[in-house]
Amino acid sequence: MKKRRLTMLVALAVLGASLCGCQSIPEEKVEMEVFRVEDVNRSLIAAAKQLPKSGTLYFEDGLEITGLGVTYDNRPTAFEGCYYFPAIEALTGAHVAIDWQESEGYNSTVAATLLGSRSELPDILNPTDFGVMELADDGMIVALDAYLDLMPDIIAAVGEEHMEAWRASDGHIYTIPSVSTVQGSFSMLVRRDWLAALKMDAPESWEDWLAYWRGVRDNDLNGNGDRGDEIPLALAASADGERCLTQLMNAFGIAASNDTQFCVLDDGSYTMVYEHPRYAEFLEAMAGLYAEGILVEGYEGFTYNSIDQAMGDNTLGSAMTFAASCGQTEALRAGGAADGFWISVAPVAGPHGDRMIQERELISPMWCVTAGALERGKVEDIVRFFNWCYTAEGANLYNYGIEGVSYRMEDGNPVLDKELVANGFGDYRAVGINYEPFGGYWLKDAYMQCLFGGKSQENLTDIQTETYKALFELNDDYFYVQPLTVETASYVRYRTTLITEGVCKLRDRAIRGEISQAEFWTEYARLREAGLDSVIADAEAYFAERM
């Protein structure tokens with residue numbers, strides 16, 4: 001790692017033995033190494049330009065790939081803003097020129113771009129919320145099924161069990177994905193000190209969980225004299241609250257899709273979660289938890305930030321949130337809870353013994369290849385380039401940077417400079433490593449080195465050990481691959497009105513007791529007649545055809 005070297009003048013006073021006066025004061029130069037992100041960035045860029053040609057793939061006549069993409073988190077956007085794109089060009093001969101746009105207004109930019117001729121389209125574009133199927137239906141992007149033989153490394157990274165998650169709702173593959181190898185992300189967290197105060201072990205059964213939640217509710221465990229300010233349970237939600245009950249739905253044996261709207265039944269059929277034979281029991285149980293004060297008022301609005309705050313201010317008893325939130329133990333102790341400690345535990349076990357947790361979305365759609373690239377005869381080369389990004393050479397560049405600058409090899413393994421990862425992912429990403437807006441193949445080893453500041457497992461703190469357990473041990477036996485959300489035409493048409501503003505709001509009214517369980521099902525039947533029937537039928541037909 002190249003560091004900026006600061007030379008300081010240190011005056012050493014030396015008493016002279018002579019009565020004539022003092023000796024001259026000698027100057028000694030002492031070098032102090034100071035880590036500077038900007039210096040590392042410059043060193044990486046300089047090293048990138050000196051990289052030799054790849055022996056795996058090189059475009060001797062060059063390859064220009066133009067794109068329209070979304071950036072965020074103040075990522076460098078100029079070609080030489082970081083090492084990654086100059087390194088790609090040196091290694092492969094491919095010059096990647098992305099027109100990076102802020103996320104706000106991006107869909108409008110895409111729409112305006114599509115108004116031009118196909119020949120004016122960039123080679124690749126990020127579909128984001130504009131929608132893959134909308135682009136496909138308009139003939140603006142290319143189905144990549146015919147090019148799969150050119151992307152063996154991407155297919156290997158995706159894995160056979162996740163191939164369906166890569167496909168669009170019409171069964172075709174339209175995107176170059178970004179792939180993560182870290183299964184976990186979330187976990188159930190509880191207060192170890194509150195378990196001890198209640199003379200309880202970590203909950204194992206539904207009855208155990210109920211006993212713990214009731215104990216948090218009833219016993220002023222934070223000791224502030226207010227028996228009503230403890231929150232037994234918080235579950236992180238999406239912005240509209242749809243996903244807030246995912247973990248409890250899992251506890252009732254409903255293995256929901258990422259948007260919690262679809263599931264696969266025991267007979268292998270695919271349908272909406274409301275058609276699951278246990279959904280009525282689940283809904284009634286949630287209403288019971290709300291009536292008891294275990295699900296608190298506003299339960300559907302918890303965010304990751306508000307959960308972190310509650311974890312740190314000594315009011316929360318359990319949470320389903322990011323595994324890394326075990327770190328809120330530090331805030332808890334800083335606030336005066338000297339024995340406070342958040343620990344990770346296995347997922348909530350339901351009344352029938354079901355215990356599961358959603359696997360992280362390992363496959364994220366990143367780039368579509370446009371009809372413009374097809375007109376220009378560039379699709380094959382673009383696919384070959386992206387496949388190179390998934391080779392060992394490409395993945396190393398994406399995850400670790402450049403050997404001798406950002407990492408070194410030890411026993412055949414890349415080891416990131418400890419100062420680069422001392423602050424977690426911040427400095428690591430600031431120099432362009434793991435360039436998320438472009439996407440790539442994110443390896444578990446690099447993730448762990450960043451998450452734990454380069455520490456080996458045996459050197460983790462007690463708090464870091466809890467995060468490690470949550471990510472790599474406790475949940476391993478309970479992960480399930482999320483069923484695909486089938487974005488049929490009917491789903492897109494009715495998504496907002498009949499799902500987000502329809503059945504999800506209806507669910508919350510039933511949980512809060514504003515309507516009875518019977519009234520929920522009556523109103524749900526009306527939503528089915530209004531269009532959910534077609535959403536269900538189209539999804540079932542798609543799934544039956546694909547599977």
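The values are calculated or read from the model by the stated rules, or taken from the named source; none is laboratory data. Computed from a prediction, not measured in an experiment: that's the story for all the values here. Reconstructed Cβ throughout: ideal geometry from the backbone, glycine too, with neighbour counts over all protein chains shown. Side chains are part of the model used for accessible areas, which takes the heavy atoms of the whole protein and leaves out ligands, DNA and RNA. Shrake-Rupley method; radii C 1.70, N 1.55, O 1.52, S 1.80 Å.
Taking the range 155-192 as the range and being more than 25 Å from M320 (Cβ to Cβ) and among the β-branched types (V, I, T) as the test, the residues that pass are I155, V158, I173, T175, I176. If we scan the range 160-176, do we find a residue that is surrounded by 16 or more Cβ atoms within 10 Å (Cβ to Cβ), part of a strand (DSSP E or B) and in contact (Cβ under 8 Å) with a residue 40 or more places away in the chain? Within the range 160-176, one or more residues are surrounded by 16 or more Cβ atoms within 10 Å (Cβ to Cβ), part of a strand (DSSP E or B) and in contact (Cβ under 8 Å) with a residue 40 or more places away in the chain. Quick check on my filter: what residues within the range 431-475 are of a type in the set (K, R) and out of contact with any helix residue (DSSP H, G or I) (no Cβ under 9 Å at 6 or more places or on another chain)? Result: no residue meets the conditions.
Among the residues here, D354 does not qualify as open to solvent by 60 Å² or more (accessible area, probe 1.4 Å) and either closer than 28 Å to E204 by Cβ or in contact with a His (Cβ under 8 Å, 6 or more places away or on another chain) (or both). Once the range 128-141 is narrowed to residues that are in contact with a Ser or Thr (Cβ under 7 Å, 6 or more places away or on another chain) and under 27 Å from A94 (Cβ atoms), the residue that is modelled with the lowest pLDDT is V132. Residues that are of a type outside the set (A, V, I, L, M, F, W, C), buried (at least 23 other Cβ atoms within 10 Å of the Cβ) and within 18 Å of the chain's Cα centre (by Cα) within the range 308-328 comprise T321, S325, listed in sequence order. Residues that are in contact with a helix residue (DSSP H, G or I) (Cβ under 9 Å, 6 or more places away or on another chain), open to solvent by 30 Å² or more (accessible area, probe 1.4 Å) and aromatic (F, W, Y) are absent from the range 106-119 altogether. Residues in the range 383-419 that are of a type in the set (D, E) and on the phi > 0 side of the Ramachandran plot: D411 only. For the criterion of being crowded, with 18+ Cβ neighbours inside 10 Å, at pLDDT 95 or above and within 18 Å of D138 (Cβ to Cβ), V369 passes. Within the set A111, A157, the sole residue that is small (G, A, S), modelled with pLDDT of 90 or more and within 23 Å of L362 (Cα to Cα) turns out to be A157. Scan the range 492-547 residue by residue and report those that are more than 24 Å from A285 (Cβ to Cβ) and part of a loop (DSSP other than H, G, I, E, B). Answer for the range 492-547, where residues must be more than 24 Å from A285 (Cβ to Cβ) and part of a loop (DSSP other than H, G, I, E, B): just M547.
The set of residues from the range 411-429 being open to solvent by 30 Å² or more (accessible area, probe 1.4 Å) and either without any contact (Cβ under 8 Å) to a residue 24 or more places away in the chain or under 23 Å from P365 (Cα atoms) (or both) comprises D411, G412, F425, G426, R429.
Across the range 120-152, the number of residues qualifying as open to solvent by 50 Å² or more (accessible area, probe 1.4 Å) and more than 24 Å from C389 (Cα to Cα) comes to 5. When residues in the range 161-207 are screened for being among the aromatic types (F, W, Y) and either closer than 29 Å to E545 by Cβ or under 20 Å from the mean Cα position of the chain (by Cα) (or both), 3 of them pass.
Is it the case, given these coordinates, that I98 is touching a residue at least 60 places away in the same chain (Cβ under 8 Å) and in contact with a His (Cβ under 8 Å, 6 or more places away or on another chain)? No: the conditions fail for I98. The residue list F479, F452 contains one member that is at pLDDT below 90, among the aromatic types (F, W, Y) and open to solvent by less than 50 Å² (accessible area, probe 1.4 Å), which is F452.
Residue count for the range 178-212 satisfying the condition of being assigned to a strand (DSSP E or B) and either within 30 Å of V383 (Cα to Cα) or out of contact with any strand residue (DSSP E or B) (no Cβ under 7 Å at 6 or more places or on another chain) (or both): 3. Does at least one position in the range 279-298 carry a residue that is within 27 Å of the chain's Cα centre (by Cα) and among the small types (G, A, S)? Looking for residues that are within 27 Å of the chain's Cα centre (by Cα) and among the small types (G, A, S), one finds at least one in the range 279-298, hence yes.
Of all the residues in the range 283-303, those that are surrounded by fewer than 16 Cβ atoms within 10 Å (Cβ to Cβ) and either aromatic (F, W, Y) or assigned to a helix (DSSP H, G or I) (or both) number 5.
State whether the residues of the range 59-67 include one that is touching a helix residue (DSSP H, G or I) at 6+ places or on another chain (Cβ under 7 Å), modelled with pLDDT of 95 or more and closer than 21 Å to T175 by Cα. For the range 59-67, residues touching a helix residue (DSSP H, G or I) at 6+ places or on another chain (Cβ under 7 Å), modelled with pLDDT of 95 or more and closer than 21 Å to T175 by Cα: present.
Taken together, L51, L57, L63 contain a single residue that is of a type in the set (A, V, I, L, M), open to solvent by 10 Å² or more (accessible area, probe 1.4 Å) and touching a Leu at 6+ places or on another chain (Cβ under 6 Å), which is L51.
In the range 256-282, the qualifying residues are those that are modelled with pLDDT of 95 or more and in a loop (DSSP other than H, G, I, E, B), and the one that is most open to solvent (accessible area, probe 1.4 Å) is P277. I'm trying to understand the selection: among the residues of the range 124-159, which are over 18 Å from G440 (Cα atoms) and either acidic (D, E) or in a loop (DSSP other than H, G, I, E, B) (or both)? Within the range 124-159, D129, G131, E134, D137, D138, G139, M140, V142, A143, D145, D149 meet the criteria. There is no residue in the range 339-362 that is modelled with pLDDT of 95 or more and assigned to a helix (DSSP H, G or I). Of all residues assigned to the range 391-403, at least one qualifies as being out of contact with any strand residue (DSSP E or B) (no Cβ under 8 Å at 6 or more places or on another chain), among the polar types (S, T, N, Q) and under 19 Å from N434 (Cβ atoms).
The one condition from (1) closer than 30 Å to A146 by Cα; (2) surrounded by fewer than 22 Cβ atoms within 10 Å (Cβ to Cβ); (3) at pLDDT 95 or above; (4) not β-branched (V, I, T) that R408 does not meet is (1).
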